[in-house]
Structures are given as structure tokens and as C-alpha cells.
Amino acid sequence: MSAHALPITILYADDDAEDRMLVKDAWEESRLANELHFVEDGEELMDYLWRRGKHAQLADQPLPGIILLDLNMPKKDGREALREIKAEPNLRRIPIVILTTSQAEEDIYRAYDLGVNSFIVKPVSFQSLVEVTKTLGKYWLEIVELPPKDA
Amino acid sequence: MSSISQLGAELERARVSADIGHSDAFYHSLVENLPHSILHKDLEGRFTFANRKCCELIGKPLEDILGKTDFDLFPRDLAVQYRADDLKVLQRGQPFETVEQHVTAQGAKLYVQVIKTPIYDAAKQPLGLQCIFWDVTGHKLAVQELLESEERFRQLFDQAPVAYHEIDCNGVVRRLNRAECALLGFQYSEIIGKPIWDFVADDERVRSQEAVRKKLSGEQALVPFTRDYVRGDGARLTVEIHEKLIRDASGTVVGIRSSLLDITERKQAQEELARKAQELARSNAELEQFAYVASHDLQEPLRKIQAFGDRLNAKCGDSIGDLGLDYLGRMQNAAGRMQVLINDLLALSRLKTKAQPFAPVNLNAVARAVLSDLETRIERLGATVEIGTLPALNADGLQMSQLLQNLIGNALKFHRPDQPPVVKVTSSLAEADQRSCHIVVEDNGIGFEEKYLDRIFQVFQRLHGRNEYEGTGIGLAICRQIAERHGGSITAHSEPGKGAKFIVTLPLEL
């Protein structure tokens, strides 16, 4: 792991409570030490990143190191949030991994066009989900060199 | 020398000579050289003079003509007519002009224009009459032909099964036939003399009027078009109209002749067809959309059933006991099957939503690629797959691959337990037309009863229990859709225990 002052946090945006629960369980099962935070739609995601509304108290906290993003969400969906994040110089460096049920080619093309870093289709079984989170953790938290935090 | 120039010479001589004797010669020459026949008769109808042209026409020298009558020289019926006319002239003392029939010496029938004039002596006593006549057969025949031709045209026009009308430069109907009266459902007298747009549907009247004006002035070309009319009984009619400009002898446009073809039914049928096609396209699109969306949205809860089933098994397996675990396993299993069904349905809907345009495809290459995909299965089963020479055709390459994969896959799957599968893929030209080919996939497997033939190509129809052979029953349904999308068909021959033979027929030129 990189020698950062604080360990990287991961933010997962998904409106589906069961999926949040499963990912949380899988995260624990994968024995990943990094904190996993949740937001429930695209608007809350943007509030979280801008430290607004109910996330205003996070003002002095560092931004998440990775965002796991569902595509189909109410209010503001993952595609819109993705576009906004990638258009924003302060946020565009945060790696974004799409985690969705959609296998539509259209969605895959669009996500990569908008600058997404990976596109993962939610696995069916819990065991596969654990595999995915382990792999994600190993790749993004151990192998990859992430941009240094702006202090 | 022509008679005209001879005449000119005579005239010249007459003009320069003061000798009265020359005047006789002048008249003699004039009479003898005229292209007209001149004949004199006395009161009894006896010929007293005939000029040269007349003698030629009768075909006798003058001495054989003098003193004869019409009855001696011409057929009796003509002679009677001539004599009657002669008497009329003599009685009235007036010149008389008519066209007579005549017969030449050679027997040819002629028409002659004749001017008969009474002749008097110095005491104004009638001596007889003079006939001047000339051949007008050509003119007469031409006129007659014209009349006949006009009559033929009139009959054709009037009795044609196609509705015709002619309008003048004001759009007024000047001529129309029975078929048009029948078509428009009005009496002849109700249409003739009225502007044609009186019969055009209200919403097209202005356009009709404008179009007629432009066509007459040459601003608009005459091309077939459709126009709506309203029949006498109020029914709306759609007619296809073909037009021609009518010109007078000098070439000036004086009107338009139109033929009208009732296409109301054709138009209604076309509209109906277009509406049906649109409806069908919409319903197809909806269905495809539905299958796609449903498949995606149906996946979601299934995924949850499976994932939480996993969790239940892992976290609470100990407390629910063996029976509980068995139930759980069955639930998980069912959810898994449902997932496969949905994926299959999705695959079927993708045949349309993800269809690629046709391009040249070499089926040999496609078959080789399919075999390499199936390689492990072929090895595991100890199977033999023989590929004959396959044609190249215009097709969706991915779908051709799917077609062969499903058929060869089936041939491998439904093998007899005691015998390794032998699969043959061959092709032949269709005997019927030589323009399509058969792709045949033949195996030595378990076969099936042909009474199930229709069933096996339907979605999710299976002939075996899930325990015997895996699969949802989508494969052949996909094959059928692919064959049909390519303008072809699929069928099969089989007997239980004797292998199966699947035949795909595809057109070679698309």
C-alpha cells in the first residue's frame, strides 16, 4: 500500500439496499481494511463529493480514493454523475469503477467514453461478488499507483 | 410538254394576234388541254361534244361518243342519276354542282365533281347542257376515311371500359363517355357543359383548378396523378388520371383529354397495408423492447434470490438442517434455471435487435470456427464431425455461426449412450430452383418422432426431461428465426434411435 497519511476510503453509490448490503458483506469477507462509505443516488454522490447538505461535516476529510458507481439510480443516475465528475478538475482524477446489472453494449461504450476506469457487471452469486471485491481491492489498493492526495 | 405551258403558249399567241381565226384556235386548245373533262349534251341527252380528257375518261374516240347517251356508255343506275340531274338543270335553267360516282373505261370507280350548266342559242332557246367534271376520288376517299376514323374514335371513346372526358380551356367538360358517367354516378346531361371541378372533392377543388390552368399554359407537365372525386351518391372516389393535351389543326392547345381509373379500393388496400405494416413494426419493436427490458429487470430479483441464498447457506446453514439446505438448494436451482431462460429469451430478442446487415459469408470458415469453439466437447465425447464443402452466401455472419453452433451442438448433445456421436455437415443445391441451397446437419444420435417436428422449433419446447438432457429448448427456435430472417426455412427428418437430419434452406442470392 502506498505510504499515505490516511488510508484510502472507497465510496459506493447504489440505490439498491440489498446490493449495498451484499457489497458490504463481500467487502468484509475480502478482509479489506479500507473504509467503505455508501451513498444512495447520484445527487447524494455529488453532495458527498462537494461536502454539501448532510455531508457538509466531511469538509475537512479527504475525498474518496475510488468510487464504485451503479448506473441506474433515481434522481441522478450514474451516467449523469459520471459526466459531472469527469468534467470537474477537482474530481476527475478519482478512479471510477462501474458496478451495474446492465450488460448493454450501449452502456459500456458510453461509460468508457465518459472516462470510466472499469466496467463490472454485478456477479450473480455472493461468492463471485467476493471474488470481484478481492480482485478490486488487490488491484486498486495494492497494485495501482493512485494520484497523490491534494493536501 | 405539259398542258399548262402549251396553254401558256396558246394564250400568248391569242394575245398578240388580232386575227379572229386565232381566237377559235385559242378556245379549241384551251378546251382540249384542260385537265377537266368537258361534255355537251343536247336536250335529249345525246352527246354533242367531248374534249380529249373526256374521251380518255370514257375510253372511246370522239366519233364513238357523239350521238350516244349516258345509257349507252355508263351503267344504267349511273345513267339514270345523270339524266335526272340533267333534267333538273334544264328545267331550272340554273347551274348545278354535285359529286357523282363514275366508272372509267377500265372499270375503276371514281368520284367526280361536276358542274352542269344549260346552253342557249342566240335566241336564248335551250340547246342542251354543258358538263365540266374532274376527278375528286382522292379527296372524297380522304374525307370518307376521316369520317370513318372519327366514327371509330367516337365508338372507342364512348364504349371504352375506361372513363374518359375532355375539357376545354375553361375546364368545362366537352365530351365524356359512358364509363365516366358510370364512374361518377351522374347522367351524361348532368356532367356535360359543367366545369370538371364541380365533381372534384371539396378539399381538392382549388388544387384541381390550379393544376388545369398550369397544364393548359404549359407550366406543369402532364404526369399521371390521383385526384378525389365525389360520386352522385356522395361516395368519395380516388381516381388515377392520365392526360393528353388536345390541340387544334394549328397546334394550339384547346383542352385536355383525361382517362380516369378508379383506384379507391387499391388506395384503401394500400393504406390498410401501410397501416398494418406500421402496426406490425411498432408491435415488433415493442415486443423486442419488452423482451430486452424484461430480461434485464427480471435478472435483478433473481440475482438477489441467488446471492441471499448463498448467504443463507453460508451464514445459517448449520441452523436450518439438512432438509432446509435441500429446500434452499432447490430454490437456488430454480432461480438458476430462470436465469438461463431469461438469458435465452434475451438471445432470441437479440436476433432482431442486434441483427447485422448481410455481407458475403463463407460458411466453410464459419463451420471451422464453430468446430474450434466446440473442440473440448468433441474431444470429451470422442465425437467425429465431418464438414463437407459449404457455400458462400450473403448473410449475417454471427447468426450463421450461431445457426451452425446450435445444430452441431444439438447433434453432439443428443447422442446415443452407447455410441460416440458422428456428425456430418453437408450442403447441396436446392433441386427446385437451383437458387437456394440446403445445409444439412446429420447425426447418429437418439433421433425423435417426426410428429414433434413443429414443436421442436418453438420457443422453450423440449422433448426430454431436464434430468436427461440440459437446455431450455431455445436453440432450434433461434435456428428457425435465423433461417427465416435470411429468407429461408428449417426442417428435419428423424426416427427414434436412428439419428436426426436437420435441413436449413437458404437463398444463395439475397
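Applying the criterion of being more than 42 Å from the chain's Cα centre (by Cα) and polar (S, T, N, Q) to the residues of segment B:445-478, the residue that is least open to solvent (accessible area, probe 1.4 Å) is B:Thr472.
Apart from one condition, B:Asp42 fits all of (1) more than 28 Å from B:Pro126 (Cα to Cα); (2) at pLDDT 90 or above; the exception is (1). Restricting attention to segment A:22-79 and to residues that are open to solvent by 60 Å² or more (accessible area, probe 1.4 Å) and of a type in the set (Lys, Arg), the residue that is nearest to the other protein chains (Cβ to nearest Cβ) turns out to be A:Lys24. Of the residues B:Gln125, B:Gln106, the single one that is more than 60 Å from the chain's Cα centre (by Cα), surrounded by fewer than 13 Cβ atoms within 10 Å (Cβ to Cβ) and polar (S, T, N, Q) is B:Gln125. In segment A:109-120, which residue that is among the hydrophobic types (A, V, I, L, M, F, W, C) and closer than 22 Å to A:Met21 by Cα is farthest from the other protein chains (Cβ to nearest Cβ)? The qualifying residue farthest from the other protein chains (Cβ to nearest Cβ) is A:Phe119.
Put simply, of B:Ala269, B:Ala274, B:Ala281 the only residue that is open to solvent by less than 70 Å² (accessible area, probe 1.4 Å), part of a helix (DSSP H, G or I) and under 27 Å from B:His165 (Cα atoms) is B:Ala269. Looking only at residues of segment B:407-444 that are closer than 22 Å to B:Ile474 by Cβ and in a loop (DSSP other than H, G, I, E, B), we find that the one that is least open to solvent (accessible area, probe 1.4 Å) is B:Pro421. Across segment A:95-108, the qualifying residues are those that are among the aliphatic types (A, V, I, L, M) and either within 12 Å of chain B (Cβ to nearest Cβ) or in contact (Cβ under 8 Å) with a residue 40 or more places away in the chain (or both), and the one among them that is surrounded by the most Cβ atoms within 10 Å (Cβ to Cβ) is A:Leu99.
Selection over segment B:58-79 of residues that are of a type outside the set (D, E, K, R) and open to solvent by 70 Å² or more (accessible area, probe 1.4 Å) gives a count of 2.
Examine segment B:281-301 for a residue that is within 11 Å of chain A (Cβ to nearest Cβ) and at pLDDT 85 or above, and state whether such a residue exists. Yes, there is a match, as at least one residue in segment B:281-301 is within 11 Å of chain A (Cβ to nearest Cβ) and at pLDDT 85 or above. Taking (1) under 30 Å from A:Phe126 (Cβ atoms); (2) among the hydroxyl-bearing types (Ser, Thr, Tyr); (3) open to solvent by 70 Å² or more (accessible area, probe 1.4 Å) in turn, B:Ser295 satisfies each apart from (3).
Could you list, in sequence order, all residues of segment A:121-140 that are more than 14 Å from chain B (Cβ to nearest Cβ) and either outside any helix (DSSP H, G or I) or more than 13 Å from the chain's Cα centre (by Cα) (or both)?
Let us first name the residues in segment A:121-140 that are more than 14 Å from chain B (Cβ to nearest Cβ), namely A:134-140.
The answer is A:Lys134, A:Thr135, A:Lys138, A:Tyr139.
Filtering segment B:151-204 to residues that are of a type in the set (D, E, K, R) and surrounded by 18 or more Cβ atoms within 10 Å (Cβ to Cβ) leaves B:Glu166, B:Glu180. Looking at segment B:129-145, can you tell me whether even one residue there is touching a residue at least 40 places away in the same chain (Cβ under 8 Å) and in contact with a helix residue (DSSP H, G or I) (Cβ under 6 Å, 6 or more places away or on another chain)? Scanning segment B:129-145, I find at least one residue that is touching a residue at least 40 places away in the same chain (Cβ under 8 Å) and in contact with a helix residue (DSSP H, G or I) (Cβ under 6 Å, 6 or more places away or on another chain), so the answer is yes. You will find that of B:Ile256, B:Ile305, B:Ile263, the residue that is within 14 Å of chain A (Cβ to nearest Cβ), at negative phi and in contact (Cβ under 8 Å) with a residue 24 or more places away in the chain is B:Ile305 and no other.
The values are calculated or read from the model by the stated rules, or taken from the named source; none is laboratory data. This is a predicted model, so every value here is computed, not measured. Neighbour counts are summed over all protein chains in view; Cβ atoms, including those assigned to glycine, are modelled from backbone coordinates with ideal geometry. The protein model used for the area step is the full one, side chains on, heavy atoms only, and it has no ligands, DNA or RNA in it. Shrake-Rupley method; radii C 1.70, N 1.55, O 1.52, S 1.80 Å.
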